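> Take this structure first; my questions come after.
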Amino acid sequence: MYSDIFSKLYDAFGWNYYPESFAQLLLRWIDEQGLHINNMLDLGCGTGILCNMIAEHGIETMGMDLSHGMIAMAKQNYPHIVFQQGNMIDWKPKMNFDLVTSTCDAINHILEPEDVKKVIKNVYSYLNPGGIFLFDFLRPGEEADCEPVDMGELDGKRLQFQIYHPKDQFVTLQADLFEGDKLIHTEKIQEHLYEPEWILNVLKETGFQDVRCTDQLLESESGHAATWFIIAKK
Ligand SMILES: C[S@@+](CC[C@H](N)C(=O)[O-])C[C@H]1O[C@@H](n2cnc3c(N)ncnc32)[C@H](O)[C@@H]1O
């Protein structure tokens, strides 16, 4: 679970780049596909950036996230948008949606395959007929151990980020916050890397149609060649 401390640092240390670039590409994609989207739900919405950018284009948005800290930041940043705390495995909104998104590996944070199946069934239950579930994910073999990356300094604090890849199917993301030389906070997040074929099968078994996996949605603009997307239609 992302802590309150990390949630406050998330945008300030640069993780805003992903939802910002994704929002632009999503809007272009919706346009290219000729889709009429009235409302959108973002699962694992983080600080709420994607919801806000899509709402600015006339689509009603709502966000949900497991982390109380992330939801607090989202509500503070965008008080006009509804954000709710919950677990996407069993959380249910009171309304149905034309589009459900989940970005920046939020699905990989679900560690048990059985729970990913529950998420997919759950989303199916509150999508409108013809509605779309669009999410990104990390697949095995695309994340390697990396050297610590310096994420910069803010108010005298420095953040260092590192990815560990202890097993084929799992990665651990670690963020260390320093004040001077003193380590004042460590955030460790584990992610499960899923095979696209497995996810596609679960979607089909659940009843989704036109299920496909692509790495093209974010190609060139943001340089996220390792980001894969799944698009599934109810
Ligand atoms: C890497 S962050 C991405 C945040 C945001 N989507 C973005 O693009 O910046 C992953 C988010 O997924 C959320 N998350 C993880 N497990 C979740 C769950 N079971 N239900 C809802 N949200 C979850 C985390 O709290 C975190 O905010």
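The values are calculated or read from the model by the stated rules, or taken from the named source; none is laboratory data. Everything quoted here is computed from the prediction, not taken from an experiment. Cβ atoms come from the backbone with ideal geometry, glycine included; neighbour counts cover every protein chain shown. For the accessible areas, the whole protein counts, side chains as well, though only heavy atoms, and no ligand, DNA or RNA atoms are used. Shrake-Rupley method; radii C 1.70, N 1.55, O 1.52, S 1.80 Å.
> Binning at 10 Å from 0, report for region 149-191 what percent of all alpha-carbon pair distances ends up in each bin.
Per 10 Å bin, starting at 0, the Cα pair percentages come out as 29, 46, 21, 4.
> Express the C-alpha Rg of the chain as a ratio against the empirical globular expectation 2.2 N^0.38 Å, rounded to two decimals.
0.99
> Order the peptides 70-79, 204-213, 149-158 from the highest to the lowest mean number of other Cβ atoms within 10 Å of their residues.
70-79, 204-213, 149-158
> At 222 nm, what value in deg cm²/dmol follows for the chain if DSSP H runs of at least 4 each add -39500 (n - 2.57) and the sum is divided by all its residues, to the nearest 500?
Calculated mean residue ellipticity at 222 nm is -8500 deg cm²/dmol.
> Which value in Å is the Kirkwood Rh of region 117-179 over different Cα pairs?
15.0
> Over the chain, give the accessible area per residue in Å² for a 1.4 Å probe, as an integer.
Computed with neighbouring chains in place, this is 48 Å² per residue.
> Just for the Cα atoms in region 1-130, what are the lengths along the principal axes, largest first, rounded to whole Å?
Principal extents (largest minus smallest coordinate, Cα): 40, 34, 23 Å.
> Can you give the % of DSSP beta bridges in the chain that are antiparallel, to the nearest 5?
65
> Mind scanning Lys75/Lys118; Lys92/Lys157; Lys8/Lys94; Lys8/Lys121; Lys117/Lys182 and naming the pairs with a C-alpha gap bigger than 30 Å?
Over 30 Å apart, Cα to Cα: Lys92/Lys157; Lys8/Lys121; Lys117/Lys182.
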